[in-house]
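Step one of this worksheet: look at the structure below.
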Amino acid sequence: MKKIVFVAVMAMTFIALQSTTSDEIESGKKVPSVSLKDMDGNSINTAKVFNDGNPIVISFWATWCKPCRLELSTIAEEYDDWQDETGVKLVAVSVDDQRNLSQVKPVVNSSGWDYDVWLDPNGDFKRAMGVNNVPHTFLIDGKGNIVYAHNNYVLGDEEELYEEILKISKK
Amino acid sequence: MKLNLTILKSKLILPIFLTGTLSFGQTFGPNVTGNTETIFQYLTGDTLIGAVQPESKAVMNSYTNVNYSLKGFSAGARFESYLPHTLGYPDRYSGTGIGYKYASYSHSMVDVTVGNFYEQFGSGMTFRSYEERTLGLDNAMEGFKVKFRPTNGAEIKAVYGKVRYSFTDGKLVNSDGVVRGIDAELNFKEFYNLFADSKFNLTIGGSFVSKYQQATHPDFYYPSNVATYGGRMKLAYKDFYIEGEHVIKEQDPSSDNGSIFSYGHGTLITAGYSQKGLGVVLQAKSMDNMSYRADPGAELTDLNINFSPALSKTHTYNLAATLYPYAAQPNGEMAFQGTLLYKIPKKTKLGGKYGTNVSVNYSLALNPMKHYSDVDSTQRILYQTNVFDVTDSVFNSDFNIQIKRKINKKLKVSLMYMKFKYNNILLDGATDKTNLDNGYVKSDIFVLEGQYKISRKHSIRAEVQGLFTKEDVGNWGTFLVEYNISPKWFFAVMDQYNYGNPVEGRRLHYLIGSAGYLFGNSRVMATYGKQRAGIFCIGGVCRTVPATNGLTLTFTSSF
């Protein structure tokens, strides 16, 4: 019982800590540095993600995750408009492991997604970003700060994401 | 322990520290990331679905990861708590404490980590340490890791350490055996820009892993050092690529392979082509005697050093994901898989206004041919297997086709058909073993899914699924409705009905309801009912779950 109380107190402390300092944390939290590969085998340093000072969306997904693919497909339909209006760039980080890794490029290409795609087959970036489950979507402002995150996808969530993008867009 | 204390302290003072340095530390300021997850369950048993009631009735797993980084330095820890552990975890998991901690330094040419870490060499057939928390799987290494990049396109990785075995009384328990490994990879496009202007690229790599344990066995000689090594290559030209890896494991008698004294081998070949609207992937795998653990006596998911990917589609529709799922057979299997993805163009007669997505997938896994040759001095049978030398004994076959179409701005529909053939004699996943003619369960599965956007924030999703088989426990039907209010709420109800069970008293409903709420970076979800094991996708997120009956509360948050 003592232990349960201890853990409960710990958990509450965390939540409290989070809510009281969330503004500060969110305005200063950066993308951690992890080395990954993109679909063509080129090396990527996640901390160096760059989009000319425009917003960046980092979306964790997997080929077997239906809501993830729904999210990326839904955004894909409006991606040209989003880019024109805000200059945003979307990076889709696949957490598929070796079993499904070979499906990533065909899924991306056959779906016609025009995103940067990074591969994270052993979950290094996923862990560094504190991701529990996919889909998990982050929004990065022009200075590299993580300003918004959302951990699921249902139809309509892309509109909230877009409102957040508009808030930080300089265009 | 000194490190733990430092991390604990830094976790508590960091937010203050962070706000203090923000004004001048935009680019180099300290950075804290992490997450927390708590799973609480109040369970009752259900023998029919394999759900058991733990003695304590209520169980809880909690995790908090904290990562701290400043310039090239980073450190972090994971606090774990099992009071007691949720279902799917071994009984030796108990207590609260730190199960993972590390400190590392990164420079443009070198990354060094001391403490716990995860890593993968190539496709993982020689070495993979990873975490699949929802499955209770974690073979983190504890020791030393270095990544060295002498020049662009070249990377050398070395690992040295022990493998995580358990978390008992709040303390991490590692293997007795030590694992050492080195891996090198060269990407010619980046390496002195050799193929910079070419549409051609080549990547080559190789790895060597060795485990050491003073192993003893009453009857047989067990070598103390066992090595596994392999080479790999990837060739790409424009939109086409082919890659392959071949690995060899030296003699490694273990309880997995019946203490045989033969070499193991594994080969994985993948070829793919894709362009806008089209993707094709062909894969072949040949593997024998490739179970490789830090302790030759270890079983189940314990102390694995390497990884064997299953060559079959990861199904997520409930019946297909939970009833006869196929897992790779590291003791020996030959498998083939082909996938075709095609988007029928939009504004065509067949494709409709928005286009139609078609995906076809077929996979087949077979038992390898073993040529028995001799008996060695300790009466152990020796056999040989050759790469892609196969018997006609089928482990598993899976054909599936899915068609997805957006009908209009509001409605999306998807239709899927799957045909499974599952060898229960070798894989043993059927519920009712008395009802199998020849050891196979053959099933046909149909799924119809529709998603309708009611308004800007409200949407509804429904699935109707049917599994038809004459074997095992007969036919199943599943019905699911999900109501979502973006971006905060979701509600779902699912019923699995085994209406075709040959035993009338077992024609049961497995009803489960879920509700979830999202706020900020956090999500709370409550699930009540009966749940079969498998991948469970609800409310826009997917998790792997064991069979349970009762109430599950999940809280996750990222920071």
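The values are calculated or read from the model by the stated rules, or taken from the named source; none is laboratory data. Here the structure is a predicted model, which means the values were calculated and not measured. Note that each Cβ is placed from the backbone with ideal geometry, even for glycine, and that neighbours are counted across all protein chains shown. Just so you know, the surface numbers come from the protein's heavy atoms only, side chains and all, with ligands and any DNA or RNA stripped out. Shrake-Rupley method; radii C 1.70, N 1.55, O 1.52, S 1.80 Å.
Descriptive notes on the structure:
- When the solvent-accessible area of segment A:22-168 is split by element, carbon and sulfur atoms take up 45 percent of it, the probe being 1.4 Å.
- Contact residues in segment B:267-316 (at least 40 Å² less accessible area with all protein chains than alone, 1.4 Å probe): B:Ser274, B:Lys276, B:Val281, B:Thr314, B:Thr316.
- Over all projection directions, the Cα-based convex hull of segment B:140-193 averages an area of 4.4 nm².
- Trypsin sites (Lys or Arg not before Pro) within segment B:201-241, DSSP loop, no more than 12 other Cβ atoms inside 10 Å: B:Lys238
- Set of lysines near B:Lys189 by C-alpha distance (under 21 Å), chain-local residues within fewer than 8 positions excluded: A:Lys37, A:Lys48, A:Lys105, B:Lys147, B:Lys157, B:Lys199, B:Lys234, B:Lys238
- The B-A contact accounts for approximately 6800 Å² of buried accessible area, totalled over both chains at a 1.4 Å probe radius.
- Share, in percent, of DSSP beta bridges within segment A:22-168 that are antiparallel, nearest 5: 60 percent
- Computed accessible area, B:Ser175, all protein chains, 1.4 angstrom probe, square angstrom: 10 Å²
- Check: segment B:138-297 dipole with +1 on Lys, Arg Cβ and -1 on Asp, Glu Cβ, in debye: 540 debye
- Mean accessible surface per residue for chain B, computed with a 1.4 Å probe while every protein chain stays in place, in Å²: 43 Å²
- Taking N as its residue count, the alpha carbon Rg of chain B over 2.2 N^0.38 Å: 1.05
- q = 0.15 Å⁻¹: log10 I(q)/I(0) that the Debye formula gives for segment B:60-213, counting C-alpha atoms only: -0.86
- For q = 0.15, 0.20 Å⁻¹, Debye-computed log10 I/I(0) when each Cα of segment A:22-168 counts as one equal scatterer: -0.71, -1.36
- Shape class for the protein assembly as shown, computed from the alpha carbon gyration tensor (a ≥ b ≥ c): rounded, with a/c under 1.5.
- Protein accessible area in chain B, 1.4 Å probe - carbon and sulfur %: 62 percent
- In the context of the full protein assembly, B:Val464 retains an accessible surface of approximately 80 Å², using a probe radius of 1.4 Å and ignoring ligands and nucleic acids.
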